[in-house]
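The values are calculated or read from the model by the stated rules, or taken from the named source; none is laboratory data. Here the structure is a predicted model, which is why all the values come from computation and not from measurement. Cβ coordinates were reconstructed from backbone atoms using ideal geometry, including for glycine residues, and neighbour counts include every protein chain displayed.
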């Protein structure tokens, strides 16, 4: 089963992953990794323009997300076996915690993690860092 991303469009999801980075800087990083996507194409994608399957796969690979998640907003749940023992334990514990406590725990976890997080330049860690920053901005609203 999949769940739909809260970001409504491909452009929204792309912009969330791109963060504050300029189109030119992101294109340079993509090109350095061997991807063939221009700053103009990135700008087009951010403003609702169409994207080819090849470019979608390249962007998804760079950001460390499945192409379907980036384009359609569909997320497949992670495989339990792909998680560390600690990750599996945390997932199990989260599943048995009553819903009424989860919002406060989410805030605490995000706040705690943001205190230890430092910017990174390697993907997909950089994408996770940007997601943590976005979560912190949401908490401040």
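Matching residues to (1) touching a strand residue (DSSP E or B) at 6+ places or on another chain (Cβ under 7 Å); (2) assigned by TED's automatic domain parsing to the domain that holds residue 26; (3) at pLDDT below 80:
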| site | (1), (2), (3) |
| --- | --- |
| 71 | no, yes, no |
| 89 | no, no, no |
| 96 | no, no, no |
| 106 | no, no, no |
| 111 | no, no, no |
| 125 | no, no, yes |
| 130 | no, no, no |
| 133 | no, no, no |
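Only one of (1) modelled with pLDDT of 85 or more; (2) surrounded by 10 or more Cβ atoms within 10 Å (Cβ to Cβ); (3) over 19 Å from residue 134 (Cβ atoms) is not met by residue 83, so which one is it? Against the list (1) modelled with pLDDT of 85 or more; (2) surrounded by 10 or more Cβ atoms within 10 Å (Cβ to Cβ); (3) over 19 Å from residue 134 (Cβ atoms), residue 83 comes up short only on (1).
Say whether the condition of being in contact with a strand residue (DSSP E or B) (Cβ under 9 Å, 6 or more places away or on another chain), within 17 Å of residue 126 (Cα to Cα) and modelled with pLDDT of 85 or more is met by at least one residue in the stretch 20-33. Scanning the stretch 20-33 turns up no residue that is in contact with a strand residue (DSSP E or B) (Cβ under 9 Å, 6 or more places away or on another chain), within 17 Å of residue 126 (Cα to Cα) and modelled with pLDDT of 85 or more. Applying the criterion of being under 14 Å from residue 60 (Cα atoms) and surrounded by 18 or more Cβ atoms within 10 Å (Cβ to Cβ) to the residues of the stretch 28-46, the residue that is farthest from the chain's Cα centre (by Cα) is 37.
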